[in-house]
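Since the structure comes first, as structure tokens, the remarks are kept for the end.
The values are calculated or read from the model by the stated rules, or taken from the named source; none is laboratory data. It should be emphasised that the depicted structure is a prediction, and the values quoted were computed from it without experimental measurement. Please note: Cβ atoms are built from the backbone with ideal geometry, for glycine as well, and neighbour counts cover all protein chains shown.
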């Protein structure tokens, strides 16, 4: 089961930081022993004494478990922004972001008008086998109502997910059927994918978009790379925009497929030597020759920065986009006895040139670290490279002598400003209310016979989102309480039309669903993607970089 997230920058700006903070670099570690056991024992004794006094003598009844969780969270705030404590009841959802599968009924859904709409049953999953269709509305599960103002993603996940082999009775409202339909579905293992797209842009250029570094990411990447090579891959665009990170070894393994010899990829440095490691390329890679361009932005964090930094420092790839997030701290996930988890920062990572990508943070309570993305936007960094505040005291050299900077993210070799030409309040409200996705789903349901007569290639070349279709879409939005704004609509019109076409294609074809790929959507939206189009025009620079013809920076 998966849910589509909004893509407008206005929608994602407030949550970019949340994703980057939730993401990270994770390595396995056995943490034990300490250098100050006396201090720990003294602190534990004081803490235990206070808890006992509260439990015994405090005037009101206190939920001790909540109190302990709160005290732990406040204590960790005095460390770094990425050391976190995850209570036992939240651990399943937290881990799901890095797992490659989960147990559930296997549907992709969209919440619209306080209702769960099925975008599509996942191929080979239990919902598909039971007869669930795109366009169905899930209104209940095991007697739990899935509709109304209290409906959110958490309620849907908690209700539909469950142990493999367990059963759930799902109530469905289907267009053209008067009564609620009930399906008994046996939950099963449902794969999650982290490669969102992998296709040939033209006869020689391949494109791979990686959304996170999860358990299966490296295997998915290898498979995609092999398939593209069979189709004539000679130059590659690797898209890491919005990728919040994940497992460190998946990132380094990915770099190894692109980097020849035994060049350094990354190294870590912690308080204790057991957390120090150096990772070098160690095996013949699938694509060690041929120009590579890596796309990054302010949402690219941690493991994404390992990949971008390693390829940039080794002069293996040209980096295009905007400055990355700036997270260079490594966490070890440590399970606790009650089922909760501590994600403890145990080391810092450094790129091959010696750069620490971690941006500055403090414990002064100002929240500056959490507001960094917002401040970059307000400062103008997203629109002008000259607005980027570089730490000129932290300069480094790549393998071929190019100048790079440390102290806060990966700086791109080719800067691309944020495209806000289509952004309006009206567009943001369309995304917030899931209007575009619901309209696309309804359109495919109503025009299935027409679409079935077309190939995807014909659709991509010939299909036009007409003014009449846009009128239907805006009328739907008005019925859902989104006030129509003519001036905003005209400014966003081309973008709305492209997104609508892409979502129709995604819903109607989904020919790559078995691999979790979303090629149709990205192929259609790429024409309006300024960073992607700049990357294609930058391949002469990437070729020169690979051939060693780019002069050293002064």
Out of 232, 206, which single residue is over 19 Å from the mean Cα position of the chain (by Cα), surrounded by fewer than 17 Cβ atoms within 10 Å (Cβ to Cβ) and closer than 25 Å to residue 538 by Cβ?
232
Going through (1) on the phi > 0 side of the Ramachandran plot; (2) at pLDDT 95 or above one by one, residue 489 fails only at (1)
Is it the case, given these coordinates, that residue 220 is within 22 Å of the chain's Cα centre (by Cα), surrounded by 17 or more Cβ atoms within 10 Å (Cβ to Cβ) and either at positive phi or in a strand (DSSP E or B) (or both)?
no
Any idea which of 460, 479, 437, 448 is over 30 Å from residue 309 (Cβ atoms) and surrounded by 19 or more Cβ atoms within 10 Å (Cβ to Cβ)?
437
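Residue-wise test of (1) surrounded by fewer than 19 Cβ atoms within 10 Å (Cβ to Cβ); (2) touching a residue at least 24 places away in the same chain (Cβ under 8 Å); (3) within 30 Å of residue 122 (Cα to Cα).
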site	(1), (2), (3)
453	yes, no, yes
469	yes, yes, yes
473	no, yes, yes
484	yes, yes, no
501	no, yes, yes
519	no, yes, yes
524	no, yes, yes
543	yes, yes, no
547	yes, no, no
At least 1 residues that are at pLDDT 85 or above and under 13 Å from residue 412 (Cα atoms) in each: list the strands (runs of 3 or more DSSP E) lying fully within the range 273-388 that qualify.
292-296, 318-321
Would you mind stating whether residue 247 is in contact with a helix residue (DSSP H, G or I) (Cβ under 6 Å, 6 or more places away or on another chain) and over 23 Å from residue 412 (Cβ atoms)?
no
Any residue that is touching a helix residue (DSSP H, G or I) at 6+ places or on another chain (Cβ under 6 Å) and at pLDDT 85 or above - is there at least one of those in the range 403-412?
yes
Do we find that residue 331 is free of Cβ contacts under 8 Å to residues at least 40 places away in the same chain and at negative phi in this structure?
no
Leading residue by the ranking (surrounded by the fewest Cβ atoms within 10 Å (Cβ to Cβ)) among those in the range 56-89 that are touching a residue at least 60 places away in the same chain (Cβ under 8 Å) and part of a loop (DSSP other than H, G, I, E, B):
78
What number of residues in the range 223-258 are farther than 21 Å from residue 357 by Cβ and in a helix (DSSP H, G or I)?
8
Flag for residue 237 being touching a residue at least 40 places away in the same chain (Cβ under 8 Å), in contact with a strand residue (DSSP E or B) (Cβ under 6 Å, 6 or more places away or on another chain), under 21 Å from residue 403 (Cα atoms) and buried (at least 17 other Cβ atoms within 10 Å of the Cβ)
no
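Kindly indicate the residue of the range 405-428 that is in a helix (DSSP H, G or I) and within 22 Å of the chain's Cα centre (by Cα) and also surrounded by the fewest Cβ atoms within 10 Å (Cβ to Cβ) among those meeting that condition.
Out of the qualifying residues, it is 428.
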With the condition kept exactly as written, say whether any residue in the range 198-207 is free of Cβ contacts under 8 Å to residues at least 24 places away in the same chain and over 18 Å from residue 319 (Cα atoms).
yes
Step by step: first the residues of the range 177-200, then only those that are surrounded by 16 or more Cβ atoms within 10 Å (Cβ to Cβ) and in a loop (DSSP other than H, G, I, E, B), then the one that is farthest from the chain's Cα centre (by Cα). Which residue is that?
187
